[in-house]
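**Q** Following this message is one structure expressed as structure tokens.
The values are calculated or read from the model by the stated rules, or taken from the named source; none is laboratory data. Here the structure is a predicted model, which is why all the values come from computation and not from measurement. Cβ: placed from backbone, ideal geometry, glycine included. Neighbour counts: every protein chain shown. The protein model used for the area step is the full one, side chains on, heavy atoms only, and it has no ligands, DNA or RNA in it. Shrake-Rupley method; radii C 1.70, N 1.55, O 1.52, S 1.80 Å.
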Amino acid sequence: MTTLILLLIVNGLLLVPALATPGPLPWLAVETLIVWLLMTGMPRWRRPLATGLGTIYAAVLALVAADALIRQSLGRGLNVYLETSAVGDTWHLLHTNLGMPVAVLLVIALLAILVLAAALFRALILRLSRYPILPRRPFWQGRGPILAGALALATFTGWAGLPSSGFLAHQASLAVHTHAAAQAFRAQLAEEPASSLQPTALERVAEVDVILAFIESYGISGLTDDRYRPVLKPRLDTLGEQLERAGLTVATGRLRSPVQGGQSWLGHLSVLSGHWINSQVAYETFLASDYPTLIDDFRATGHQTLAVMPAITEPWPEGQLFGYDRIYDHNDLGYQGPSFNWVTMPDQYTWHRFERLRQSTDAPIFAELALISSHAPWVPILPVLDDWKELNNGQVFQQWKGAGEAPVSLWQDPERVREHYIRAIDYALAVAGGYAERYLAGEDHTLLFILGDHQPAPLITGEDASRDVIVHVISADPALVAPFLSGQLPGFQAGTLPELDRDGVPMSRFRGFLQRHYGADEGTLKGGFDVGQNPATEPRSDS
């Protein structure tokens, strides 16, 4: 009876990795029999073997936990090859949202759980080793046939499997595939024709300020999900009224983002580059190439190019590879108000400061804004200030310092998290609409794009949600918006609502569309292309 109980417990522990692999859950982890055979067949090495197996089990458990976390936050499974570069970003997100003491305690708690898991597994298999699976006899007569039979069960039946081994083998396969895909993507870039390596001047907007403003986590679920539509639909109606009062024309559609829940920079670069950048490998590979982007196109047109990045608080060397004339990070924006958890400054201040930069530049500008008030943890939600003049250097926001509950408290209730999410989107759009109404009215030399970078995490959207984001195209000159109403980019229509019964095209088509419709010769496309499924795509059904 003791042997059976031990086997059931060890088998249960070894079935945990099956949660991170596709297919039905097996009843028997064949590794249970393998471990039992090893522990009883190598008595002299029993203790070091138990320590090693316990350590391996804890490592696998850590990877399984990471897989679950990534699925909930990014909507895809774990790929160790890709995730190694995200450790620093994860730590930054933890300590900025939860505070350094809580983040450190959380990491210590996770390490303690893994140590306990290793110790528990070691103790169980040491105890199990006291009960030999068979009397001593040659391997080929006893343990060999049993092991072969167990492996046969794993291969030919659905109720036995190799969860831990399968999980590790899957990660190894992903690493090999992803590395090969990265090499193929590099080769693809290198083999592009010479014409594609030259920027395309967008002469039809040569005298126009072009603003590309990304609203964090502004996804189509805000309209297609009944939980969020009652908030977002009225906001978009109000936005339409604001723009109409200001004499502004607007078209709205949708684009498909390569990511969900995070890694906004992959969506940004997909828009800028004309490539489907859906992994960190593809991102770094592209930035290391000489392939041009919209930034180069606008520089060739005669624009001053700038990026407004309020979330960048540390050195960002790869930012220089984008080739902007000037990058304004947190330290360059003159904000003297408080931060609000991860949000370094409210969107309203970012828009306010950007307008000062725009008015102080003599040449036409191309600007990318990465707005962050709708970034998790979505607390606190600030009011929109009516008097933009009082924003000044941001000290007016001191009155909300420490407002709202702590994220660690809010995030214990998923329903309240979802409520705060849509309120944050509502705030971000209210501010963007206020900016357009206040500063773009009567300016027929400005073209504003307001778009999401990606959908929020599956916790917010639910599983299998569309990865489309909403895009608004706004200008006082109807001719600048007209290409988006031509029907050549599916999903766009007049007004502030996109088509809901038609999927968006990939973000990678945006650059080519601008080149075709704002270039010197309409219909000519020199740079940018849509590769559809990037060779660096993680080969999983949920990616």
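**Q** Would you mind putting 505-517, 319-331 in packing order, based on average other-beta-carbon counts within 10 Å, highest first?
**A** Put in order of decreasing packing, that is 505-517, 319-331.
**Q** Using only protein heavy atoms and a 1.4 Å probe, report how much of LEU28 is accessible, in Å² to the nearest 10.
**A** 40 Å²
**Q** Right, here's the next one. Would you mind classifying region 173-327 by shape? Square roots of the alpha carbon gyration tensor eigenvalues, ordered a ≥ b ≥ c; an a/c under 1.5 is rounded, otherwise it is prolate if a/b is larger than b/c and oblate if not. Don't skip to the end; give the middle numbers.
**A** Values: a/c = 2.07, a/b = 1.33, b/c = 1.55.
Taking the square roots of the gyration eigenvalues as a ≥ b ≥ c, region 173-327 is oblate.
**Q** Once amide H atoms are placed 1.01 Å from N in the peptide plane, what residues at a sequence separation of 5 or more from ASP453, or on another chain, have their amide H within under 5 Å of its amide H?
**A** It is ILE215, SER217, TYR218, by chain and number.
**Q** Taking 0.36 nm per intervening residue step and subtracting the Cα-Cα distance, what contour gain separates ASN393 from ARG326 on full extension? Don't jump to the answer; show the numbers that get you there.
**A** On the way: separation 67, 0.36 × 67 = 24.12 nm, distance 2.03 nm.
Difference between extended and current length: 22.1 nm.
**Q** Right, next: Using a basic spin-label model with each label point 7 Å from the Cα along Cα→Cβ, how many nm lie between VAL408 and ALA479?
**A** 5.9 nm
**Q** I've got another one for you. So what is the relative contact order for region 344-463, in percent, with contacts set as C-alpha pairs under 8 Å and at least six apart?
**A** About 33 percent, as a whole number.
**Q** Show me the ranking of peptides 274-283, 378-387 by mean Cβ neighbours inside 10 Å, starting with the highest.
**A** For the peptides 274-283, 378-387, the packing ranking is 274-283, 378-387.
**Q** Here's another thing I want to ask about it. What order, most packed first, do the peptides 203-215, 232-244 have when packing is the mean number of other Cβ atoms within 10 Å of each residue?
**A** Packing proxy ranking, top to bottom: 203-215, 232-244.
**Q** Per residue of region 395-402, what does 6.51 cos²θ - 1.76 cosθ + 1.60 with θ = phi - 60° give for ³J(HN,Hα)? Whole Hz please, x for Gly and Pro, Karplus curve as stated.
**A** The phi angles translate into 5, 4, 7, 4, 5, 9, 4, x Hz.
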